[in-house]
Amino acid sequence: MTIVEERSAPAAAPPPRTNRFWAFLRNSWRQLTSMRTALVLLFLLAVAAIPGSIFPQRSVSPEKVDQYYAAHPQLAPWLERLDGFEVYASPWFASIYLLLFASLIGCVVPRLADHVRALRLAPPAAPKRLDRLPQHAAERAVAAEPAALAASIAKMLRRRRFRTVVRELPDGGWTVSAEKGFLKETGNLLFHFALLAVLIGVGFGHWYGWHGNRILVGGADQGFCNLLTQYDDSALGPRVQPGDLPNFCLKLTGFRATYQSTGQPKTFSATVSVSEDGGPETSRSFTVNDPLRLREANVYLLGHGYAPVLRYTDRYGVAQTKIVPFLPIDGMQTSEGVAQFPDVNIDPKTNRRDSSLQVGFEGRYLPTVPTDGSAASAFPAENAPGLFLTAYRGDLGLDVGSPRSVYSLDRDQIAGGELKNISGTRPHELKVGQTWTLDDGTKLEFLGTRPFATLAIRYDPTQSLLLVGAVVGLLGLMLSLAGHRRRVWFRALPGPREASGGTLLSAAGLPRTDYPGFADEFTALVKAAEEGTS
Amino acid sequence: MAELSNQLMALTVLVYLAAMVSYAGEYAFGSRSLIGRAAARPAAARQLVGAGGPAADEPAADEPAAPVEYPDKADRRREWVARVAVALNALGLLLHLGTLATRGLAADRMPWGNMYEYILSAAFVASAVWLGVVLRRPAVRHLGLFATLALVVLLGAAGLIAYTPVGPLVPALNSYWFIFHVSTIIISSGIFLLGAVPGAMFLIRDGYDQGKRRFPYTLGRHVPAAALLERLTFRLHAFAFPLFTFGALIAGPLWAEASWGRYWGWDPKEVWAFISWIVYAAYLHARSTPSVKRTTATLIALLGFVTMLMNLFGVNLFFAGLHSYANAGG
């Protein structure tokens, strides 16, 4: 959008009758593609991006949007109406950047045409009055003949990668016209077209990409296959059908985390066995900055935690085992979670489920129980693990069918008295291998823990294209900032007869863009032109 | 080693402070020193042109022509003060390097892992580039007072607000992209930061040349000619912009893709980098458009600097995001 030179003036006489509608359209288009409008739109874009950093964004952290709703119940619905939680997907943000790109297209397409034309044109003939140009070397006598001198100057200029044309004048003189620095405009256009390519690439990536998150618990019995229903949450692009997802299965076979003595993590590494398209299982490792790259899917390790293994034996002696991931709430892996057993205490005679006899456990898992008795873990590795649970019996509220968090019990059920605390206010501590006998004689055993990995699985088909676009754009940007377009002319006129021939050489130079070093370059060129002949 | 780094840091600030005082000393006598005269002359010539005087090219009568030698002792002393200032500045730069090196050795990694180290590194780049500029073009030396002031303020803020004990990197930062992404951003931020100094002085000088004599413009009396400042502003920005583009919009997304699974996610830091990029792009466009005044263009560059500061301090301290490494050590 740099305006380097003035456009050629429009035709002198306007057509006699202009259609008002077309005139309006044309004027609007001119206004839109003007530099001033582009600058205003750039600013608008910058200003419009600000709210997205102030208000929580649903695409970044939906849970923070919920927190915002809770904290500002009056303001939040208004923000919602103005797309304040989805700034970068909002119509007003899109309208700014689409206008900007329309302005960009309106500016760079004609410039591309101009540039192609300029590239094919020979450098223009020397102006009559060389001394009127910004750089000028006064006439001086040189021994060589005009034609030979012009040829040697042209050679010198071509060696310096000037586009050079030699012309003979009717009076026996010669002129050399040369121009250089087309790469500046080439780079500038390249940069702007690369921007367009990146925008289009981002759009296609959004349409044809998809992503999902999944907690994968360790163990061969806890595998995951890439089906939409197996994700904890997922989002498909508008042009992606659930059946389009690539077919692969993952099992977490190992997870390793190392920590500093302060508890700050040093390394994470997950090992999975992968089977693609029903093929054989292979073992692959990946880590935080080194995702698992599969065909049309990348698996990123975002986090990890512990999943306690709990066995509940009900009043009829039937045992059920659950592996429940507890979500870490701090850097020391203090984790919170819930184990729910809705299908227990079923009378084998009647085979009827009594919903008032469902059992749920809620509490914290501390990988290292601190010695001071506080409720937070002292270290993220399992040095002295302890599980602190509160037991509830009654209707867990799972039969309603509405979607609920699987990491906490239903508060409404507890408040309504359908779900009762049966273990007192102090959570019961369980070490690995310990059994807790509840008031009705049923038992809960803490069998141990398994590691789990929080995985993000994503596919964006245009990613590599975007990288190419960005790199090309950067190259173009550097060319356009470093280059200088300039013209030089040399005129070689036959010297006076009495001086036994020779040539009178004069020169001029015109920088087409702001170029402070041009005077030095011009002086050097004139010097080289004279020396090349002696 | 960490202790040594902290002591060196304090020493660095003190030496920059001393350099600042020396620059101020030269600045105070500026109109009569060699550099001061060189700086003052174009303005005098311009005023003559404005008056339509035919002798515009001749030096003003009350100024000696081309003072190659120092006419009196006082001038020589002032020149000496200026040299001391530059030398102190260079010493500060060495101590600054020592602070960074010992910090890096103590942590056994590049010293770019948290906000404190980041500011330290960006300020180092600004200081190094400034010294390079001042050695190549002594005419801009009068900006030294403002350049060192910016350094002292920034380092002071780093020490007071953002200080973090030496610590290792969190695993998310443990990547070779760390070096590409963070180094290019540090270098470009340092140069943008430095570019804001001649930018601001250009506006002041330009106002002074137009006859404004209110407070900020009075500072313009001794600074170099407006055109020189403007050109320096542009060159610093034109150098830093592609570097920033690489660091923020290529290396950053490449790393984000490998680490977080998406190349761009509108994290607050990303938002503000985007805003800075847009504003600096607007500056470059405005400057290359003949119909936009140079003062307007320079104002845009200064706005860009404000957005960089916002990203450095505001985003780290006010918004929680994925780039929240401000206290990564704790």
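The values are calculated or read from the model by the stated rules, or taken from the named source; none is laboratory data. Keep in mind that what you see is a predicted model, and the values were worked out from it rather than measured. A quick note on method: Cβ atoms are made from the backbone with ideal geometry, for glycine too, and the neighbour counts reach across all protein chains shown.
General remarks:
- Look at segment A:501-517: where a residue is on the phi < 0 side of the Ramachandran plot and a partner is of a type in the set (S, T, N, Q) and surrounded by 16 or more Cβ atoms within 10 Å (Cβ to Cβ), sitting 6+ places away or on another chain with Cβ atoms under 7 Å, you get A:508/A:135; A:509/A:135.
- Within segment A:452-479, tally of residues that are within 14 Å of chain B (Cβ to nearest Cβ) and either over 25 Å from the mean Cα position of the chain (by Cα) or in a strand (DSSP E or B) (or both): 7
- Of residues in segment B:276-311 being assigned to a helix (DSSP H, G or I) and of a type in the set (Gly, Ala, Ser), the one surrounded by the fewest Cβ atoms within 10 Å (Cβ to Cβ): B:281
- Tallying residues that are under 22 Å from residue A:456 (Cβ atoms), part of a helix (DSSP H, G or I) and within 9 Å of chain B (Cβ to nearest Cβ) within segment A:54-86 yields 1.
- A count restricted to segment B:262-310 and to residues that are of a type in the set (S, T, N, Q), more than 9 Å from every other protein chain (Cβ to nearest Cβ) and out of contact with any Leu (no Cβ under 9 Å at 6 or more places or on another chain) stands at 1.
- Summed over segment A:306-336, the residues that are at positive phi and either surrounded by 14 or more Cβ atoms within 10 Å (Cβ to Cβ) or within 43 Å of the chain's Cα centre (by Cα) (or both) give a count of 1.
- Against the conditions (1) away from chain A (no Cβ under 14 Å); (2) under 20 Å from residue B:270 (Cβ atoms); (3) β-branched (Val, Ile, Thr), residue B:133 satisfies every one except (2).
- The one condition from (1) away from chain A (no Cβ under 11 Å); (2) assigned to a helix (DSSP H, G or I); (3) not β-branched (Val, Ile, Thr) that residue B:163 does not meet is (2).
- When segment B:235-244 is filtered for residues that are over 26 Å from residue A:198 (Cβ atoms) and either more than 14 Å from the chain's Cα centre (by Cα) or within 10 Å of chain A (Cβ to nearest Cβ) (or both), only B:235 remains.
- Qualifying position, being of a type in the set (S, T, N, Q) and either touching a His at 6+ places or on another chain (Cβ under 9 Å) or outside any loop (DSSP other than H, G, I, E, B) (or both), among A:425, A:449: A:449
- Residues satisfying the stated conditions in segment A:331-354, i.e. assigned to a loop (DSSP other than H, G, I, E, B) and among the charged types (D, E, K, R): A:343, A:347, A:349, A:352, A:353, A:354
- Looking only at segment B:167-213, and only at residues there that are of a type in the set (Ser, Thr, Tyr) and either within 13 Å of chain A (Cβ to nearest Cβ) or not in a helix (DSSP H, G or I) (or both), the one that is farthest from residue B:227 (Cα to Cα): B:175
- Just one residue in the set B:247, B:252, B:199, B:261 is within 30 Å of residue A:53 (Cβ to Cβ), within 18 Å of the chain's Cα centre (by Cα) and surrounded by 20 or more Cβ atoms within 10 Å (Cβ to Cβ); that residue is B:199.
- If you filter segment A:183-218 down to residues that are touching a helix residue (DSSP H, G or I) at 6+ places or on another chain (Cβ under 6 Å) and closer than 30 Å to residue A:150 by Cβ, you find that the one that is surrounded by the fewest Cβ atoms within 10 Å (Cβ to Cβ) is A:183.
- Pairs where the first residue, in segment B:246-258, is at the interface with chain A (Cβ under 7 Å from one of its Cβ atoms) and over 20 Å from residue A:457 (Cα atoms) and the second is at pLDDT 90 or above and surrounded by fewer than 21 Cβ atoms within 10 Å (Cβ to Cβ), C-beta under 8 Å, 6+ apart: B:246/A:474; B:249/B:277; B:250/A:467; B:250/A:471; B:250/A:474
- Qualifying residues in segment B:207-235 (those that are in contact with a Pro (Cβ under 7 Å, 6 or more places away or on another chain) and closer than 16 Å to residue B:301 by Cα) - the one surrounded by the fewest Cβ atoms within 10 Å (Cβ to Cβ): B:231
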